[in-house]
Amino acid sequence: MILITGATGTIGREVVRLLPAHLAVRILARDPAAVTGVPATAETVQGDYADPRSLMRALSGVRAAFLVTNRIADDDARFLRAARSAGVRHVVKLSAAGVTDGEAEDLITRWQRGNEELWRGSGLEWTLLRPRLFMSNTLSWAGSVRTHGAVRALYGASANACVDPRDVAEVAVRALTGDGAGYAGRALTLTGPEPITAVRQTDQLAELLGRPLRFEELGPGRARTVLAERYPRDVVDALLERAERQREGCKSEVDGTLPALLGRPARSFRVWARRHLSAFRASVEPYSAAGQSPCEPAVTVAEKTGSPA
């Protein structure tokens, strides 16, 4: 039995989709009704990291688990205690590439590092997945692209070696299944094939859509205001610190791990964008610049939206 957490999120959803049909799969969700598009053979159970009994029920009979946590809390420790008691052998943990930046000391990075250390000392087999920013984070631009023909983001000229979530999910599946021999005890940095800026992403979207798009720089002050609508102050501070590290060039390095594992190149942003182009298509054209509203910068903490690395 394989347990999947985060099945309503960016990576977990893809992991469920890619798992071989013959495998026994159980999905842990706070709200099982929110889990859609999963195979009929998959079992979905209600549970929460803060509820030890629900974790024990979900982990009963599980040999490998895919773990996603996105609250800055003790969810990893709670899951570990239950996993040990249930006899789980292998945990594939979604982390972030930012943990490798020795000068990054923001709240989120410190929390992620602490979680990694927890699993390293857990006594279980573990695999750490460290993706860069998910290409799917650009879906946060879709509303302003459709309505106003504009992308608004923070530090548009700074590059990130962002990664297609499908590629990360494919690595996770290999680590979880019989193809995962040799994955235990490894921390895998997963990037896209090239560093790319928000300005260049805007250009590529415009080319694919066949319509002009403009890029509008979202300054730090406005970005803070937008993020404060969703996150507490300490998390907002951390997200802006991480964006500053990207501006300084700390997230642009391309890692060769992913293509070596998958035996093919990592997918490019253009390939990802072509697959999701319908999300950016204008519902009414021509568009008007009136009534614009700011778009969230591509820095997030919740895995549902994307990786904050």
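Restricting attention to the range 77-103, and to residues there that are over 22 Å from the mean Cα position of the chain (by Cα) and hydrophobic (A, V, I, L, M, F, W, C), which single residue is nearest to W119 (Cα to Cα)?
A83
Of all the strands (runs of 3 or more DSSP E) wholly in the range 144-234, which have at least 1 residues that are crowded, with 22+ Cβ neighbours inside 10 Å?
The qualifying strands (runs of 3 or more DSSP E) are 150-153, 186-190.
What are the residues in the range 91-111 that are surrounded by fewer than 20 Cβ atoms within 10 Å (Cβ to Cβ) and not hydrophobic (A, V, I, L, M, F, W, C), if any?
If the condition is that a residue be surrounded by fewer than 20 Cβ atoms within 10 Å (Cβ to Cβ) and not hydrophobic (A, V, I, L, M, F, W, C), then T100, D101, G102, E103, E105, R110 are the ones that fit.
Exactly one condition in (1) in a loop (DSSP other than H, G, I, E, B); (2) at pLDDT 95 or above; (3) of a type outside the set (A, V, I, L, M, F, W, C) is not met by S136; state its number.
Condition not satisfied by S136: (1).
Can you list residue pairs whose Cβ atoms sit under 6 Å apart, with the first residue in the range 260-281 being loosely packed, with under 15 Cβ neighbours inside 10 Å and of a type outside the set (A, V, I, L, M, F, W, C) and the second being outside any helix (DSSP H, G or I) and modelled with pLDDT of 95 or more? Count only pairs 6 or more apart in sequence or on different chains.
P265/P193
Looking at R186 and the list (1) charged (D, E, K, R); (2) over 19 Å from A97 (Cβ atoms); (3) in contact with a strand residue (DSSP E or B) (Cβ under 6 Å, 6 or more places away or on another chain), which single condition is not satisfied?
All conditions pass for R186, except number (2).
Within the range 151-184, can you find the residues that are β-branched (V, I, T) and either free of Cβ contacts under 8 Å to residues at least 40 places away in the same chain or out of contact with any helix residue (DSSP H, G or I) (no Cβ under 8 Å at 6 or more places or on another chain) (or both)?
Passing the criteria: only T177.
The values are calculated or read from the model by the stated rules, or taken from the named source; none is laboratory data. Here the structure is a predicted model, which means the values were calculated and not measured. Cβ sites come from the backbone with ideal geometry, for glycine too, and all protein chains shown count toward neighbours.
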